[in-house]
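Below is one structure, written out as structure tokens; comments come after it.
The values are calculated or read from the model by the stated rules, or taken from the named source; none is laboratory data. What you see is a predicted model; the values in this text were computed from it and never measured. Positions of Cβ are backbone-derived with ideal geometry, glycine not excepted, and every protein chain shown enters the neighbour counts. These area figures cover heavy atoms from the full protein model, side chains too; ligands, DNA and RNA do not enter into them. Shrake-Rupley method; radii C 1.70, N 1.55, O 1.52, S 1.80 Å.
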Amino acid sequence: MAVKPIVLYSENEAALRKKSEPVRVMNRHVKKIIRDLKDTLLHCDNGIGLAAPQINIHSRIVAVRLNSSAEGEGNLDPPIALVNPEIVESSREERDFDGCLSFPGLFAETVRPHYLRVKGLDERGQPFDRVFEGFDAVLVHHEIDHLNGVLFIDRVTRPEDLYTVREDEEGNIIRVPVTMGK
Ligand SMILES: [Zn+2]
């Protein structure tokens, strides 16, 4: 059985910060990266998106599970891959939930577009031009950020927007603010 790629955590910041290169040819190597990304995403609890640099591959490929909501409810679609995704239009910047498989247990509120038109190639190498709306737009925007070495913590504008969670005495999930060294 093939060894599963390991998701890089924030300790590997240099790798996460490195900009990814466009895919030039859809070959077996690229298809293998796509498979690895989708498989790894499926094995991550609550995982809805993963970008190639998060498995230490610096190619412009992301995998996303659409149809999620900020609360993680709803039936997620199976993962799809976007190759060389390029934002051609974005609007409806709103505050929403953010989190990242490379930062387990850390959450934030960030401002991202809730309307996103993206061009690129699908996993068969066919060109696409499609619109993502609502939290799907937030998700795709987050993953494209990874290809440029941008992390969600960079988009936190107010310190109180970065938090972890814990259960209080009554079993309610409460936010615990995190202070980043500034
Ligand atoms: Zn992420």
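Structural remarks
- Residue of T40, T157, T110 that the Gaussian network model of the chain assigns the largest fluctuation, springs spanning Cα pairs under 10 Å: T157
- For the chain, calculated [θ]222 nm from helices alone, where every DSSP H run of n ≥ 4 adds -39500 (n - 2.57): -5500 deg cm²/dmol
- Hydrodynamic radius (Kirkwood) for segment 92-182, which is based on Cα pairs only, to one decimal in Å: 14.7 Å
- Treating each Cα of the chain as one equal point scatterer and applying the Debye formula with no solvent, the log10 of I(q)/I(0) at q = 0.09, 0.11, 0.19 Å⁻¹ comes out as -0.31, -0.47, -1.38.
- Annotation for segment 107-173: GluC sites (Glu not before Pro) lying in DSSP loop with at most 14 further Cβ atoms inside 10 Å of their Cβ are E169, E170.
- Per residue value of the accessible surface for the chain (all protein chains in place, 1.4 Å probe), Å²: 55 Å²
- Protein heavy-atom surface of the chain, 1.4 angstrom probe: 49% of the accessible area is carbon and sulfur, with nucleic acids and ligands not counted.
- Relative to the Cα centre, the charge distribution of segment 36-181, modelled as +1 at Lys and Arg Cβ and -1 at Asp and Glu Cβ, gives a dipole magnitude of about 560 debye.
- Here's the picture: charge each Lys and Arg Cβ at +1 and each Asp and Glu Cβ at -1 in segment 32-182, and of T40, V88, I173 the one pushed furthest to the positive end of that dipole is V88.
- The three principal axes of the Cα atoms in segment 77-132 give end-to-end lengths of 35, 25, 19 Å, sorted in falling order.
- Cleavage-rule hits (GluC sites (Glu not before Pro)) in segment 14-108: DSSP loop, at most 10 neighbouring Cβ within 10 angstrom: E71, E73
- Here the relative contact order of segment 12-156, from alpha carbon pairs under 8 Å that lie six or more residues apart, stands at 25 percent.
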